[in-house]
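One structure is given here, and the rest of the page talks about it.
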Amino acid sequence: MKKSLLARNNDLANTQRQIEILSNGIFKYELPTFANKIKETNQFPLHPNKLEILQLNLGYMCNQVCAHCHVDAGPDRKEIMTLETMNQCLEVIKKTGAHTLDLTGGAPEMNPNFRWFVEEASKVGVKDFIVRSNLTIIRANKKYYDLPEFFKKHNVHIVSSMPHWTRGKTDKQRGDGVFDKSIKALQMLNDVGYGMKDSSLTLDLVYNPSGAFLPGDQQALENDFKKALKEEFNIDFNKLFAITNLPISRFLDYLIASDNYEDYMFALVEAYNPLAVKNVMCTNTISVSWDGFLYDCDFNQMLNLKVNSTIKHISEYNEELLQNRDISINQHCYGCTAGAGSSCQGVVA
Amino acid sequence: MSKSYYDPADLRKFGKITEWSEELGNKFFDYYGKVFEEGALTAREKSLIALAVAHTEHCPYCIDAYTKDGLQRGITKEEMMEAVHVGAAIKSGATLVMGVQMMNKVNKLEM
């Protein structure tokens, strides 16, 4: 299995280095800055709208090492949210105005206190309780085999990555054997009612392009996924979210190594859609890292761009003060405003 | 001035053709956009046709563009290669069918 950028001592494990590359470009043509781009439509500085989603990263440990991972997650990552931070998060969940709680990782299930946290958080009664499961974790070890039942018991909304309905494309992005395990896990989720017609248990899939290109039309892709997965494997799911790969971390490493970085950045700029800016996810989300720090989004978390606020940590959380911040932006933000826009919930425009 | 006749980055400048003939350029791009919308054929089918024609026309810009377009639509490399074979089959068929004219001419001229 491959290692994370961090374990490989790769230059890009340094977030400052990533920001330098994003800010200064490393190619011959000049790219307009994202700040100037949103100034054209008087959307600078970017401010939050109403908070809707509280996204918690339970740790960077993962059983997979996906080629495009913006978290640089993997088995060698040891950053895990502690019980103390989880308790601080629970206090915030009880008082937040956000209607959605979104647990992510790494593989959030690998946090040793994951099940306790899900039980406690589900008691609070958030409207939409999401767990981003990579699917293969359900088949990784016997102790995870009952996860579908556990998710069902707590009425958790499952969101899982699936880059393609073919084995080759999926395994190339996510690792050998991932496709077969993912199919099995999806069937197990279907068996307990997830994604089934007339069921209240929601199973959504996330599509990330498996290369240096942007996602196509979300609805057309969903139709193709549904047809192929039903015909080949009798799998049902609810919605497909098409998410653009942002040029950070391992995907940035891939773009540079494959000589696609310049073309990819220009493709993002050419596809820039000012209408996507007002609904971009940093305007309705707070992202909390494994160690409790606060970010405008998951991508800013991975670039270590903390919120521009006097409130920096979950232990001092104050929603009203946080709402008055300017959102941190850089060139990676073009990834969320290309075409129909992109967020953890798919298109935004 | 580039020393090469083909610079992949030039594809990004395609829209600039309107600068030297705005009305005709805009009419072309309006037409082009309309052609590739969903219609009696799906946008996916049109993308594969465009890829095949891009090859028969030996247009490197179009090959780059419609390979990427196909990937964005989730089209597999096997589907793309089959489309290229359709183009190649028509090209070779178009060459070979001329052989009938050659045969006709031979038959006319020879005793």
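Structure summary
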| quantity | calculated |
| --- | --- |
| Mean ellipticity per residue at 222 nm, deg cm²/dmol - from DSSP H runs of n ≥ 4 across chain A, formula -39500 (n - 2.57) | -9500 deg cm²/dmol |
| Most mobile of A:L22, A:L252, A:L56 in a GNM of chain A (Cα contacts under 10 Å) | A:L22 |
| Whole-Å distance, taken between Cα centres, linking the range A:188-202 and the range A:275-298 | 29 |
| Ranking of B:S92, A:S160, A:S342, B:S4 by count of other Cβ atoms within 10 Å, fewest first | B:S4, B:S92, A:S160, A:S342 |
| Cut-off 14 Å (backbone N to label point 7 Å along Cα→Cβ of B:Y5), residues of the range B:53-92 | B:58-61 |
| The range A:67-224 - percent relative contact order, Cα under 8 Å, separation 6 or more | 20 |
| Spacing of the two label points (7 Å from each Cα toward its C-beta) at A:N141 and A:N318, in nm | 4.2 |
| Antiparallel DSSP beta bridges within chain A, percent to nearest 5 | 25 |
| Cysteines having no other Cys beta carbon under 4.7 Å from their own, within the protein assembly as shown | A:C62, A:C89, A:C333, A:C336, A:C344 |
| GNM result for chain A, Cα springs below 10 Å: residue of A:G195, A:G177, A:G339 fluctuating most strongly | A:G177 |
| Members of A:K78/A:K312; A:K37/A:K169; A:K197/B:K46; A:K181/B:K46 lying beyond 26 Å, as alpha-carbon distances in this model show | A:K37/A:K169; A:K197/B:K46; A:K181/B:K46 |
| Shape metrics for the range A:93-177, restricted to C-alpha atoms - Rg then Dmax, Å | 14.3, 45 |
| Hz values of 3J(HN,Hα) by residue in the range A:287-300 - Karplus curve (6.51, -1.76, 1.60), Gly and Pro given as x | 9, 10, 7, 4, 9, x, 7, 10, 9, 6, 6, 4, 6, 4 |
| Derived scalar couplings ³J(HN,Hα) [the range A:96-108; Karplus, 6.51 cos²θ - 1.76 cosθ + 1.60; whole Hz; x for Gly, Pro] | 5, x, 5, 9, 10, 10, 10, 9, 9, x, x, 9, x |
| Per principal axis, descending, Cα span of the protein assembly as shown in whole Å | 100, 50, 42 |
| Cross-link partners of A:K123 among lysines (Cα-Cα below 22 Å; sequence separation of 8 or more within a chain) | A:K94, A:K95, A:K152, A:K153 |
| A:V206 long-range amide H proximity, modeled H, under 5 Å | A:S160, A:S161, A:M162, A:F241 |
| B:M81 versus A:N87: modelled label distance in nm, points set 7 Å from Cα along the beta carbon direction | 5.9 |
| Stokes-Einstein D for the range A:48-195, Kirkwood Rh over Cα pairs, 4 °C, 1.567 mPa s (µm²/s) | 82 |
| Alpha carbon centroid spacing (whole Å) that separates the range A:115-164 from the range A:28-75 | 24 |
| Volume of the Cα convex hull of the range A:116-222, divided per residue and given in Å³ | 123 |
| Cross-link pairs A:K3/A:K143; B:K13/B:K91; B:K13/B:K34; A:K50/A:K278; A:K143/A:K239; A:K28/B:K13 - those with Cα-Cα distance over 18 Å | A:K3/A:K143; B:K13/B:K91; B:K13/B:K34; A:K143/A:K239 |
| Selected from A:T96, A:T310, A:T15 as most flexible by GNM, with chain A as the system and alpha-carbon contacts under 10 Å | A:T310 |
| Modelled FRET efficiency - R0 45 Å, A:Y29 with B:E110, Cβ distances, 0.05 increments | 0.15 |
| Additional length obtainable on full extension of the chain from B:K16 to B:S92, 0.36 nm per residue less Cα span | 23.8 nm |
| Convex hull volume per residue in cubic angstrom - Cα atoms of chain B | 194 |
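Throughout, read-outs are computed from the coordinates displayed, never taken from laboratory work. This is a predicted model, so every value here is computed, not measured. Using ideal geometry, Cβ is built from the backbone for each residue, glycine included, and neighbour counts are taken over all protein chains shown.
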